[in-house]
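A quick write-up on the structure given underneath.
The values are calculated or read from the model by the stated rules, or taken from the named source; none is laboratory data. Since the structure is predicted, the reported quantities are computational estimates derived from the model, not experimental observations. Neighbour counts run over all protein chains shown; Cβ positions are idealised from the backbone, glycine included. Just so you know, the surface numbers come from the protein's heavy atoms only, side chains and all, with ligands and any DNA or RNA stripped out. Shrake-Rupley method; radii C 1.70, N 1.55, O 1.52, S 1.80 Å.
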Amino acid sequence: MAENRNGNGPPANGRAAGAGNAYAIDLDTFSRRLKALYSSWSEHKSDLWGSSDVLAVATPPASEDLRYLKSSALNIWLLGYEFPETIMVFMNKIIHFLCSQKKASLLEVVKRSAKEAVGVDVVMHVKAKGDDGTTQMDAIFRAVRAQSKSDGRDNPTVGYIAREAPEGNLLETWSEKLNNSGLQVSDITNGLSDLFAVKDSGEITNLKKAAFLTASAMKNFVVPNLEKVIDEEKKVTHSSLMDDTEKAILEPARVKVKLKAENVDICYPPIFQSGGNFDLRPSASSNDECLYYDSASVIICAIGSRYNSYCSNVARTFLIDSTTTQNKAYEVLLKAHDAAIGALKPGNKVSAVYQAALSVVERDAPELVTNLTKSAGTGIGLEFRESGLSLNAKNDRILKAGMVFNVTLGFQNLNTKISKPKSQNFSLLLADTVIVTESGHDLVTSLSSKAVKDVAYSFNEDEEEEEQPKAKAESNGIEALYSKATLRSDNQEISKEELRRQHQAELARQKNEETARRLAGGGSAAGDNRGAAKASSDLIAYKNVNDLPPPRELMIQVDQKNEAILLPIYGSMVPFHVATVKTVSSQQDTNRNCYIRIIFNVPGTPFNPHDANSLKYQGSIYVKEVSFRSKDPRHISEVVQLIKTLRRHVAARESERAERATLVTQEKLVLAGNKFKPIRLPDLWIRPSFGGRARKLSGTLEAHTNGFRYSTSRQDERVDIMYGNIKHAFFQPAEKEMITLLHFHLHNHIMVGNKKTKDVQFYVEVMDVVQTLGGGKRSAYDPDEIEEEQRERDRKNKINMDFQNFVNRVNDLWGQPQFRGLDLEFDQPLRELGFYGVPNKASAFIVPSSSCLVELVETPFVVVTLSEIEIVNLERVGLGQKNFDMTIVFKDFKRDVLRIDSIPSSSLDGIKEWLDTTDLKYYESRLNLNWRPILKTITDDPQRFIEDGGWEFLNMEVSDSDSENSQDSDQGYEPSDAEPESVSEDDDSDSASLVDSEDEDEEDDSEEESEEEKGKTWEELEREASNADREKGDDSDSEEERRRRKTKAYGKSRAGPSSSAPKRAKMR
């Protein structure tokens, strides 16, 4: 990236050092690092510091060019800033500074700290403006010789940085004097490299911030920019991409990073390479050729940024419609790169890092060993390439915690063996910034993904079809120079429908094989869905007789505290727990007597859940119902109301308790500490809402260490959602909807208030519902109306932006290594693929996302995971219908199918295209199918299902060809004039669809169940008495009975089939 691009330049903010009081030296850091300098010099004088008695470091003048100098690095490391045109001479007892007056005034503060830290004096030699500093240099050399004599040495050794050529009048004079002084000189580069190698906590913080900026620039700017260029087929040069990326890095807010721009700089001009010309050396540059993104092309991007002069680096390779060779090479490189990073552990040799990468390549692709780069990277910090820390096979230095490396690995000069000149040769490169820690390593640029799924793009879906005509042209010796438009139109390309049919045929074969393998594994039959009833013995009103309230009068009492009803029976108050009550009702007769009737839950009642007590006390006698008469109607009414309210409260509580008993235990939420503030999104509403009749309050959603917490100002209104329990996360901005929302679909149910749910949603209404009084139409040019619309647009945009910022920050959090296994990322539904349908009772706009099919506005929500879908059946297709239905069959055959009804036929082609591109097998049928018996047949005899062709019984083309040979094939849906008029309305076996008959059967069952559960009401008892009277000869019907019969007859005549019109099949 830039070995010779010399880079520390002026201070990070660009101003000259020593300008007034603009800078303040951190004296604590200065003292600590000065101690480290003298300690290293003392301990490793001979092996690292060239046996130097004096260290002389001369910093050249400031430059606009990017450059990395040891002298500048020492300035920044020790003093916090670069001091251009300054000479520092370190001796055993004195430190000499030769500089201008402004710099000297800034350096005055270090005198006391230097004395306290290492016991040395600081002497300032101020050079006047225009002076060459000869006088001050002579004074320094005299001091050097004087110290040498006092130490008993005649000719001291002066250490200097040998690789840095003198620049400017001051340094050239100093170099000349040093060479002519007769003193011995030696190189101290190794000593300074060792000094900078292990970073302290402050340096690590700067490096992490730089790495976060670099990875964010790659993820939030470079990748979206490349995708847009390729998708829109723009012609953009590498150099223009470089310029745009550099500007984005220098303005951190553009890449969603909150760092001060004055502390930020680039490490080197961003590098973009494509079109077969690749250079993996650090000195590479972006040329003026256009970005090449045709099929089988490779794009290499490398960017580096600095924060407070500390460097970081990341490089990624993007594959466009890659070949098998390219895919294999990248997968091997990815494994080798991860192996190299994994070897960065304290105590290992530096050479072990490169050896780990080399071993992977030798094992998985030995033919690529010669193409592997000879180094796996270098140390990184104040310098982009720290000398002495090269990750090659010969470096035997020991890794220590605090070292930081730019792990860079690549394959160069590979060949794809295809005809396109610019795609024949390619190279691959990966680079990340990694910190060696006490326990291993920390990959600080992990925010930018290098996984195959995130760097491999397939933009040209017709590539396979295009290759065939190209091959023919080449075989005839004619150079094929087709454009994409030419290939699509002039080469007899197969129609979209035909391509889709071929792909669906292949999917059918794969689906049948997959289903056969899955069914071969077997599975338990569906169990009884009816949950076991809670034993009434678990509900205890009073533990003993002494707990009963003292008797007052022999009248019905309701003990709300103990949830009991006390009934006077034979002179005693007998308690009954309210949960044993099935129904309670009251009635008043003509004599102003009031009756209260209480029916209890007893064993043996049809449609009643089994009670454990019926088995425990088989010989017992149960009270089924009791009735009481009273002269006080107000008391009776009050008692009935109290019993109903108490029964409802207890039933709700027991239902919630039963729901909670089935919940999977979640981990506890770990709240964010002082180091990590939670990511907050305020003023949100939640669905499902909390229970209770109190006024609804908005709350705040916070992202903590391992989960989200939503809470309102009420203590009991709080919901925790663990990251590990999130199956899918969605962000849907308000476009044509009234709300912007975040939606979480969970693996396991949680409780929201007293509701058990797998879907939790947080939303904000972007527009207020306004009703115009007066009803008159307002002018489109009304300034008030225009201003109101503008305010609504601004409010919607602000809310969408707030949600987007929250989502981006949470995605960054989920990108950290500890959450990588959860594979979490907010998914955004694709509105352009959406369609209207009826998944429940109301029409809704259903939208696909990358992994799901969702409807998140209307309740109940719809979230279908695409990977759980077995097949999709499109029903009522092909009969000139305006609508059709979609049935989704899941891989779990015990799960009910999902029906989406009344989808407009105009959406049919778009839905087919979407299903095909997501590799979902779909079928079409003209009628609705009854899926429960179909799935039961499959699970009962899977072998026969496979032998009969699997899902091909749904293939409408096959079914049509079979039906031509069948005499009765069309009787199910064509009208017939020969139908008898006497066909009963209840007989749906021949005329209605299977779905309708099933639904009606269920309705009948539910009616019978509800009738039985209610018991006999007063009206039913009166009806029985009236029937008994008629049997005795009283034929005079009441007016009400005659009216009821008349209404029923009229209803039948309206609903029944007409004799003049044939009866048609019912279709959903």
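Across the range 723-747, the number of residues qualifying as part of a strand (DSSP E or B), open to solvent by 10 Å² or more (accessible area, probe 1.4 Å) and either out of contact with any Phe, Trp or Tyr (no Cβ under 7 Å at 6 or more places or on another chain) or polar (S, T, N, Q) (or both) comes to 5. Of all residues in the range 42-84, those satisfying the criterion of being open to solvent by less than 20 Å² (accessible area, probe 1.4 Å), more than 20 Å from Lys111 (Cα to Cα) and assigned to a helix (DSSP H, G or I) are Lys70, Ser71, Ser72, Ala73. Looking at the range 251-263 only, could you name the residues that are assigned to a helix (DSSP H, G or I), open to solvent by 40 Å² or more (accessible area, probe 1.4 Å) and in contact with a helix residue (DSSP H, G or I) (Cβ under 7 Å, 6 or more places away or on another chain)? Those that are assigned to a helix (DSSP H, G or I), open to solvent by 40 Å² or more (accessible area, probe 1.4 Å) and in contact with a helix residue (DSSP H, G or I) (Cβ under 7 Å, 6 or more places away or on another chain): Arg254, Ala261. Of the residues making up the range 1-41, those that are assigned to a loop (DSSP other than H, G, I, E, B), open to solvent by less than 40 Å² (accessible area, probe 1.4 Å) and modelled with pLDDT of 50 or more are Tyr23, Ile25. Cβ-Cβ distances below 6 Å connect the following pairs, each with a first residue in the range 376-401 that is on the phi < 0 side of the Ramachandran plot, a second residue that is among the charged types (D, E, K, R) and in a loop (DSSP other than H, G, I, E, B), and a separation of six or more residues or different chains: Thr378/Arg385; Arg385/Glu3; Ala401/Glu438. Quick one: is Leu428 aliphatic (A, V, I, L, M), assigned by the TED database to the domain that holds Pro346, in contact with a strand residue (DSSP E or B) (Cβ under 7 Å, 6 or more places away or on another chain) and under 23 Å from Lys70 (Cβ atoms)? It is false that Leu428 is aliphatic (A, V, I, L, M), assigned by the TED database to the domain that holds Pro346, in contact with a strand residue (DSSP E or B) (Cβ under 7 Å, 6 or more places away or on another chain) and under 23 Å from Lys70 (Cβ atoms). If you go through the range 367-422 and pick out every residue that is basic (Lys, Arg) and over 24 Å from Phe196 (Cβ atoms), you end up with 3. Among the residues making up the range 148-172, those that are under 17 Å from Gln136 (Cβ atoms) and crowded, with 17+ Cβ neighbours inside 10 Å are Val158, Leu170, Leu171.
Considering the range 862-914, the residues that are of a type in the set (A, V, I, L, M) and modelled with pLDDT under 90 include one that is farthest from Pro829 (Cα to Cα), namely Leu879.
Filtering the range 880-912 to residues that are closer than 18 Å to Gly837 by Cβ and either of a type in the set (Ser, Thr, Tyr) or open to solvent by 60 Å² or more (accessible area, probe 1.4 Å) (or both) leaves Gln881, Lys882, Thr887, Asp896, Ser902, Ser905, Ser906, Ser907, Asp909. Report yes if some residue within the range 151-164 is touching a residue at least 60 places away in the same chain (Cβ under 8 Å), assigned by the TED database to the domain that holds Asp65 and in contact with a Pro (Cβ under 9 Å, 6 or more places away or on another chain); otherwise report no. Looking through the range 151-164, at least one residue is touching a residue at least 60 places away in the same chain (Cβ under 8 Å), assigned by the TED database to the domain that holds Asp65 and in contact with a Pro (Cβ under 9 Å, 6 or more places away or on another chain). Name the residue that is farthest from the chain's Cα centre (by Cα), counting only residues in the range 256-272 that are charged (D, E, K, R) and within 20 Å of Leu241 (Cα to Cα). If we take residues in the range 256-272 being charged (D, E, K, R) and within 20 Å of Leu241 (Cα to Cα), then Asp265 is farthest from the chain's Cα centre (by Cα).
Before we move on, is Leu429 under 29 Å from the mean Cα position of the chain (by Cα), surrounded by 19 or more Cβ atoms within 10 Å (Cβ to Cβ) and in a loop (DSSP other than H, G, I, E, B)? Answer is no for this residue.
Scanning the range 356-370 for residues that are in contact (Cβ under 8 Å) with a residue 12 or more places away in the chain and surrounded by fewer than 18 Cβ atoms within 10 Å (Cβ to Cβ), we see that the one that is nearest to the chain's Cα centre (by Cα) is Asp364.
Okay, residues lined up against (1) within 19 Å of Ser446 (Cβ to Cβ); (2) within 29 Å of the chain's Cα centre (by Cα); (3) not small (Gly, Ala, Ser):
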residue: Thr324; (1), (2), (3): no, no, yes
residue: Tyr330; (1), (2), (3): yes, yes, yes
residue: His337; (1), (2), (3): yes, yes, yes
residue: Ser351; (1), (2), (3): no, no, no
residue: Leu372; (1), (2), (3): no, no, yes
residue: Gly377; (1), (2), (3): yes, no, no
residue: Gly381; (1), (2), (3): no, no, no
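It is to be established whether one or more residues within the range 814-821 are of a type outside the set (D, E, K, R), more than 30 Å from the chain's Cα centre (by Cα) and modelled with pLDDT under 85. Taking every residue of the range 814-821 in turn, none turns out to be of a type outside the set (D, E, K, R), more than 30 Å from the chain's Cα centre (by Cα) and modelled with pLDDT under 85.
Against the list (1) in contact (Cβ under 8 Å) with a residue 24 or more places away in the chain; (2) among the polar types (S, T, N, Q); (3) under 21 Å from Val144 (Cα atoms), the condition Ser216 fails is (3).
Of all residues in the range 783-801, which are open to solvent by less than 60 Å² (accessible area, probe 1.4 Å) and within 17 Å of Phe731 (Cβ to Cβ)? Listed by number, the residues that qualify are Lys796, Ile799, Asn800. If you go through the range 135-147 one residue at a time, do you hit one that is part of a strand (DSSP E or B) and among the aromatic types (Phe, Trp, Tyr)? No, that holds for no residue.
Figure legend. Inter-residue proximity from the range 181-203: first residues assigned to a helix (DSSP H, G or I), second residues acidic (Asp, Glu) and open to solvent by less than 40 Å² (accessible area, probe 1.4 Å), beta-carbon distance below 8 Å, spacing 6+ or different chains. Indicated pairs: Ser193/Glu386; Phe196/Glu383; Phe196/Glu386; Ala197/Glu386. Scoring Asp294 on the criteria (1) crowded, with 22+ Cβ neighbours inside 10 Å; (2) touching a residue at least 40 places away in the same chain (Cβ under 8 Å) leaves a single failure, condition (1).
Of all residues in the range 748-766, those that are in a loop (DSSP other than H, G, I, E, B) and within 30 Å of Arg791 (Cα to Cα) total 1.
Looking at Ala284, Ala248, just one residue is open to solvent by less than 10 Å² (accessible area, probe 1.4 Å), in contact (Cβ under 8 Å) with a residue 12 or more places away in the chain, of a type in the set (Gly, Ala, Ser) and assigned to a loop (DSSP other than H, G, I, E, B), and that residue is Ala284.
Just one of the listed residues (Gly168, Gly182, Gly202) is among the small types (Gly, Ala, Ser) and at pLDDT 90 or above, namely Gly202.
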